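The values are calculated or read from the model by the stated rules, or taken from the named source; none is laboratory data. Values in this document were obtained by computation on a predicted structure and should not be read as measured data. Here the Cβ positions follow ideal geometry from the backbone for every residue, glycine too, while neighbour counts run over all protein chains shown. Just so you know, the surface numbers come from the protein's heavy atoms only, side chains and all, with ligands and any DNA or RNA stripped out. Shrake-Rupley method; radii C 1.70, N 1.55, O 1.52, S 1.80 Å.
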Amino acid sequence: MLSPTKKLRIIVGGMVGQYPLGGVAWDYFHYCLGLHELGHDVYYHEDTWCWPFDPNLGFATDKPDHTVNFLKSFFDTYAPHLAQKWHYLFLHEKHFGMTAEAFGEIAKTADVFLNISGACFIPEQLNPRCIKVFMDTDPGYNQFVLSERYAWSQNVERWCKQVADHDRHLTYAENIYGEDCVIPRMNFDWRPTRCVVTLPSWEKVKAAPVPKNAPFTTVMTLGYFPGPLIYRGKTYGSKAMEFEKFRSQPRQTDAPILVAVGGDKVPLDPIRQDGWHLTDGTKATQTVESYMQFLADSAGEWSIAKNVYVDTNSGWFSCRTACYLAAGRPAVVEETGWSRFIPSGKGVIAFRTVEESVAALATVSADPLRHRAAAYDIAREYLAPDKVLPPMLDAIFSSATPANTQK
């Protein structure tokens, strides 16, 4: 087996083409840029077999034009060294970026297929010695589906088989082996990791002055799962469920908060009546540039997490929060158990209650320059490629199995 310290040929699988939005792009492309930064030979590949969402239309479409232009523009602008190294397979038929032949040759010689979110089908021509990695970015939800195989989950048996067909299983649930984490492990050898952020990508945003009276912001989808997520008699929810705990917050703090909201059929008027400032989530994140500007215009981030991340004590940490921190914007974000792995208190502060959230906002507002500097320090010390990716590759190449995998 190859050593992770040597130059590897790595295919990163994602779903940016399916959801061509600024925030989604960074969730996946940070891995491409970060692995390249460490000297590896990196390619982006996408084959979700799904119609792509077109933000101009507001719904999925059978035309790939917007997606293809989005992908090309990102690599041309933010990763020109990878401009010839991306491959988008539209509905498993039409190839964009790299040709079918060119990508096939890469697949035959790949060392690692890093399937982020498990979004992609495994490439058919993949090197038989290539390590196929399922990266669980939605902890709790994924394991509950694997355990319960809900009837409402589309193609659930096929999806469960696809998960099992990978050689390694990483997870954003850093606390999955903690005694208080209720996520079932299903005999999978879960290896904890966390999101990554490439610091040079955010230098211009970090250098931009914070506007006077800038609000704390976040991007939040207040949708619901396709069906009830029930495990051992308890129902777990998405952000919509968790948000209800904090509806009264605007009446208890002077810190302005602006939420870019997405989601189908979200009742926005009652939320506004509670004092929340809202803007359209799709418009704020429609392009990479608009997303980065949204962060630049922020005093920092305030955000909750999905209820399933919180109530399972998963240890999940947000890719979006990583962007705020790299941009030198402090974050006040809900506790999921992440503070056991990334320190809370300066630059990023955890909360579980409205009272703790209000106090944290006041702390950051009282000394914003100190917390801006600390935010960047957290990104550099805990989320940068040289901190996250070498341990991730060690976990991929290690044959050792963590104790207590059967839960």
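Criterion first (within 23 Å of the chain's Cα centre (by Cα), modelled with pLDDT under 95 and buried (at least 19 other Cβ atoms within 10 Å of the Cβ)) does residue 222 satisfy it? Judged against the criteria, residue 222 is a match. Listed by first and then second residue, the pairs with beta-carbon distance under 6 Å, at least 6 apart or on different chains, first residue in region 175-194 and closer than 26 Å to residue 385 by Cβ and open to solvent by 20 Å² or more (accessible area, probe 1.4 Å), second assigned to a loop (DSSP other than H, G, I, E, B) and modelled with pLDDT under 95, are 189/401; 189/405. Taking region 308-318 as the range and being assigned to a loop (DSSP other than H, G, I, E, B), surrounded by 23 or more Cβ atoms within 10 Å (Cβ to Cβ) and over 14 Å from the mean Cα position of the chain (by Cα) as the test, the residues that pass are 312, 314. Scan region 237-273 for residues that are over 20 Å from residue 306 (Cα atoms) and in contact with a helix residue (DSSP H, G or I) (Cβ under 6 Å, 6 or more places away or on another chain) and the total you get is 3.
Quick check on residue 350: is it among the hydrophobic types (A, V, I, L, M, F, W, C) and farther than 29 Å from residue 230 by Cβ? Outline the logic, then answer.
Working: among the hydrophobic types (A, V, I, L, M, F, W, C): yes; farther than 29 Å from residue 230 by Cβ: no.
Answer is no for this residue.
Every residue in region 337-362 that is touching a residue at least 24 places away in the same chain (Cβ under 8 Å), within 23 Å of the chain's Cα centre (by Cα) and open to solvent by less than 20 Å² (accessible area, probe 1.4 Å), please. Result: 337, 338, 342, 347, 348, 357.
Please list, ordered by residue number, the strands (runs of 3 or more DSSP E) wholly in region 166-226 having 2 or more residues that are farther than 30 Å from residue 37 by Cα and in contact with a helix residue (DSSP H, G or I) (Cβ under 8 Å, 6 or more places away or on another chain).
Details: elements: 168-171, 190-192, 216-221.
Result: 216-221.
Looking only at residues that are farther than 22 Å from residue 268 by Cα and in a loop (DSSP other than H, G, I, E, B) in region 228-238, which one is most open to solvent (accessible area, probe 1.4 Å)?
Here is the first cut: in region 228-238, the residues farther than 22 Å from residue 268 by Cα are 228-236.
Those left that are additionally in a loop (DSSP other than H, G, I, E, B): 228, 232-233.
Working: 228: 75, 232: 200, 233: 75 Å².
The selected residue is 232.
Among the conditions (1) out of contact with any Asp or Glu (no Cβ under 9 Å at 6 or more places or on another chain); (2) of a type in the set (Ser, Thr, Tyr); (3) within 22 Å of residue 175 (Cα to Cα), the only one that residue 291 does not satisfy is (3). Pairing residues of region 230-258 that are closer than 23 Å to residue 312 by Cβ with residues that are among the basic types (Lys, Arg) and buried (at least 20 other Cβ atoms within 10 Å of the Cβ), at Cβ distances under 6 Å and at least 6 apart in sequence or on separate chains, gives 238/306; 239/306. Is it fair to say residue 388 is part of a helix (DSSP H, G or I), of a type in the set (A, V, I, L, M), more than 18 Å from the chain's Cα centre (by Cα) and surrounded by fewer than 22 Cβ atoms within 10 Å (Cβ to Cβ)? So residue 388 does not fit the description; no. Out of 211, 270, one residue alone is over 25 Å from residue 17 (Cα atoms), surrounded by fewer than 16 Cβ atoms within 10 Å (Cβ to Cβ) and in contact (Cβ under 8 Å) with a residue 40 or more places away in the chain. It is 211.
Checked against the criteria, residue 243 does not count as within 20 Å of the chain's Cα centre (by Cα) and in a loop (DSSP other than H, G, I, E, B). Of the candidates 360, 305, the single residue that is hydrophobic (A, V, I, L, M, F, W, C) and either modelled with pLDDT under 95 or part of a loop (DSSP other than H, G, I, E, B) (or both) is 305. Apart from one condition, residue 4 fits all of (1) farther than 26 Å from residue 320 by Cα; (2) open to solvent by 50 Å² or more (accessible area, probe 1.4 Å); (3) in contact (Cβ under 8 Å) with a residue 12 or more places away in the chain; the exception is (2). Selection of region 108-118 for residues being open to solvent by 20 Å² or more (accessible area, probe 1.4 Å) and at negative phi yields 108, 109, 111.
How many of the residues making up region 127-163 are part of a strand (DSSP E or B) and either out of contact with any strand residue (DSSP E or B) (no Cβ under 9 Å at 6 or more places or on another chain) or of a type in the set (D, E, K, R) (or both)?
Taking region 127-163 and keeping what is part of a strand (DSSP E or B), we get 131-136.
Filter once more, so that each one left must be either out of contact with any strand residue (DSSP E or B) (no Cβ under 9 Å at 6 or more places or on another chain) or of a type in the set (D, E, K, R) (or both): 132, 136.
Selection size over region 127-163: 2.
Of the residues in region 127-154, how many are at pLDDT 95 or above, open to solvent by 10 Å² or more (accessible area, probe 1.4 Å) and not β-branched (Val, Ile, Thr)? Looking only at that region, the number is 14.
Those residues that are outside any helix (DSSP H, G or I) and either in contact with a helix residue (DSSP H, G or I) (Cβ under 8 Å, 6 or more places away or on another chain) or surrounded by 16 or more Cβ atoms within 10 Å (Cβ to Cβ) (or both), I need them from region 363-385; list them, please. Before you say what the answer is, go through the steps one by one.
Taking region 363-385 and keeping what is outside any helix (DSSP H, G or I), we get 367, 384.
Matches in region 363-385: 384 only.
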